[in-house]
Amino acid sequence: MAKGMREIKRSIKSKQNTKQITKAMEMVAAAKLRRAQEAAVAARPYTDKMKEVISSIASGSGSSKHPMLISRPIKKTGYLVITSDRGLAGGYNANILRKVLNTIKENHKSADEYAVFVIGRKGRDFFKRRNIALVEEITGLSDSPKFSDIKEIAAKAVQGYVDGTFDELHLAYNEFYNAITQVPTLKRLLPLGQIQSSGEKADYEYEPSAEEVLNVLLPKYAETLVFSALLEGKASEFGARMTAMGNATKNATKMIAELTLTYNRARQAAITQEIAEIVSGANAQQ
Amino acid sequence: MSTLRLEIVTPERKVYEKDVNMVVVKGVAGELGILPHHIPLVTPLKVAPVKAKIGNTNEFIAVHGGFIEVRKDKVVILAEAAELESDIDVSRARMAKERAERRLAQKQADINAHRAEMALQRAISRLETAGDK
């Protein structure tokens, strides 16, 4: 029995180590989640303001014929997929990648009909394994990404639409609801469609002209939307990791409790057996 | 003396928020001085320092592009990056300026030249903001 006991003890120790790690990861993710949420909130005024100005131009001057606002026949679709660099975040990456892959399979017959941009190592490896060519990839982003980090890939994706390389651009990311709920979302980024004007409308003067201002603003706005999706994706990543690691810690605790019980039983059995042996030995001598 | 509220916002945070007497910016169509009760206006900006006048003092903010929205008593500048005078690393900006100038002198492919040109503008704007010309 002693041998079985040693094995159980070793197994308990290994589970305790795992639990320590998952617990630490949970706490780190919780701290980072708070920071990511703050960043997402801090980015909101910029996006809101830009939307406000664009909608007042588009609705005011009747120049809503801008190519970025109206849809055209779709021959090729662009996808910009936001994933994380690191795993151990539950279904965070798997969910969004599966969604994108299914959409691609459903809507496109040949590889000429879509172009994929990807942020994050997990997404890159996923598409590479499936021999899906990537137009552009970015990995190794920090946990609190700056706008300049993704400016290039966002600008390239938007430019691809403007040049007519593809006729619509979809953004795939995990939408953040709260720490335990993140929903993989596929959203059409371009064409922007009709932007709803919200509330008060100011009669602006435009310099040099409304069209020129719109030409500058619309690509910037699209890039900004990519950035806010990235920030939301980061918040989701930490939320998902926090939940996953919390569950792992809970499971480890449960396993340790069960194993401890088995260990104690085995110990008790060994003691009982020893006593029985001693007693029978003593009886035999009488 | 009447004031207007100046806000400078980047995708990352609100860089600047203060009541000022006058704002001077460099728009794509030329330099603009904005006093309170200006007509509502929207224009893209060049990479250049923004001057905010409060009483007799001037504050400079390096704003890298973006655009300005003027309202009656409020001015909002939306830029991808903006730095206050105190946040600028002068020696780094000077190095960046030299590097960009070297690249421009070499005249490589068009994209590189464009990037170097932008980097040069940013560096000059930073140095001007920091008062080191």
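The values are calculated or read from the model by the stated rules, or taken from the named source; none is laboratory data. Just so it is clear, the structure is predicted and the values come from calculations on it, not from any experiment. Here the Cβ is made from the backbone with ideal geometry for all residues, glycine too, and neighbour counts use every protein chain on show.
Residues in segment B:48-61 include none that are among the acidic types (Asp, Glu) and surrounded by 19 or more Cβ atoms within 10 Å (Cβ to Cβ). The C-beta contact set for segment A:9-27 (first residue over 22 Å from A:Asn264 (Cβ atoms), second residue of a type outside the set (Ser, Thr, Tyr) and not in a helix (DSSP H, G or I), distance under 8 angstrom, 6+ apart or interchain) comprises A:Met25/A:Leu88. Apart from one condition, A:Ser55 fits all of (1) touching a Phe, Trp or Tyr at 6+ places or on another chain (Cβ under 7 Å); (2) within 14 Å of another protein chain (Cβ to nearest Cβ); the exception is (1).
One residue alone among A:Leu217, A:Leu189 is within 21 Å of A:Ile57 (Cβ to Cβ), more than 9 Å from chain B (Cβ to nearest Cβ) and at pLDDT below 90, and that residue is A:Leu189. Given (1) under 29 Å from A:Glu205 (Cβ atoms); (2) within 14 Å of chain A (Cβ to nearest Cβ); (3) among the basic types (Lys, Arg), where does B:Lys51 come up short, assuming only one miss? Going through the list (1) under 29 Å from A:Glu205 (Cβ atoms); (2) within 14 Å of chain A (Cβ to nearest Cβ); (3) among the basic types (Lys, Arg), B:Lys51 breaks only (2).
Among the residues of segment A:193-201, is there at least one that is in a helix (DSSP H, G or I), touching a residue at least 12 places away in the same chain (Cβ under 8 Å) and out of contact with any strand residue (DSSP E or B) (no Cβ under 7 Å at 6 or more places or on another chain)?
The answer is no; no qualifying residue exists.
Is it fair to say A:Glu38 is free of Cβ contacts under 8 Å to residues at least 40 places away in the same chain and within 14 Å of chain B (Cβ to nearest Cβ)? The answer is yes for A:Glu38.
Select from segment A:126-153 the residues that are of a type outside the set (D, E, K, R), within 11 Å of chain B (Cβ to nearest Cβ) and touching a residue at least 24 places away in the same chain (Cβ under 8 Å) and list them in ascending order.
Quick first cut of segment A:126-153, residues of a type outside the set (D, E, K, R) only: A:126-127, A:131-135, A:138-142, A:144-145, A:147-148, A:150, A:153.
With the extra rule that they be within 11 Å of chain B (Cβ to nearest Cβ), the set shrinks to A:144-145, A:147-148, A:150.
Those that are of a type outside the set (D, E, K, R), within 11 Å of chain B (Cβ to nearest Cβ) and touching a residue at least 24 places away in the same chain (Cβ under 8 Å): A:Ser144, A:Pro145, A:Phe147, A:Ile150.
Exactly one residue among A:Ile8, A:Ile74, A:Ile70 is at pLDDT below 85 and either on the phi > 0 side of the Ramachandran plot or not acidic (Asp, Glu) (or both), and that residue is A:Ile70.
Pairs linking a residue in segment B:38-60 that is free of Cβ contacts under 8 Å to residues at least 12 places away in the same chain to a residue that is of a type in the set (A, V, I, L, M) and crowded, with 16+ Cβ neighbours inside 10 Å, with Cβ atoms under 8 Å and 6 or more positions apart or on different chains, are B:Asn58/B:Ala52. The single condition from (1) farther than 23 Å from B:Val70 by Cβ; (2) at pLDDT below 80 that A:Ala39 fails is (2).
If the condition is being within 14 Å of chain A (Cβ to nearest Cβ) and in a loop (DSSP other than H, G, I, E, B), then segment B:1-20 contributes B:Thr10, B:Pro11, B:Glu12, B:Arg13.
Quick one: would you say B:Ala93 is at pLDDT 75 or above, closer than 24 Å to A:Asp149 by Cβ and in the same structural domain as B:Pro49 (by TED's automatic domain parsing)?
Working: at pLDDT 75 or above: yes; closer than 24 Å to A:Asp149 by Cβ: yes; in the same structural domain as B:Pro49 (by TED's automatic domain parsing): no.
No, not satisfied.
Output the residue which, of all residues in segment B:77-104 that are buried (at least 20 other Cβ atoms within 10 Å of the Cβ) and within 12 Å of chain A (Cβ to nearest Cβ), is farthest from B:Val42 (Cα to Cα). Once the filter is applied, the top-ranked residue is B:Ala82.
In summary, A:Lys187 fulfils each of the numbered conditions (1) among the basic types (Lys, Arg); (2) under 30 Å from B:Val42 (Cβ atoms); (3) without any contact (Cβ under 8 Å) to a residue 12 or more places away in the chain with the single exception of condition (3). Filtered by the rule that a residue be surrounded by fewer than 24 Cβ atoms within 10 Å (Cβ to Cβ) and within 18 Å of A:Lys187 (Cβ to Cβ), segment A:230-243 gives a lone residue, A:Glu232.
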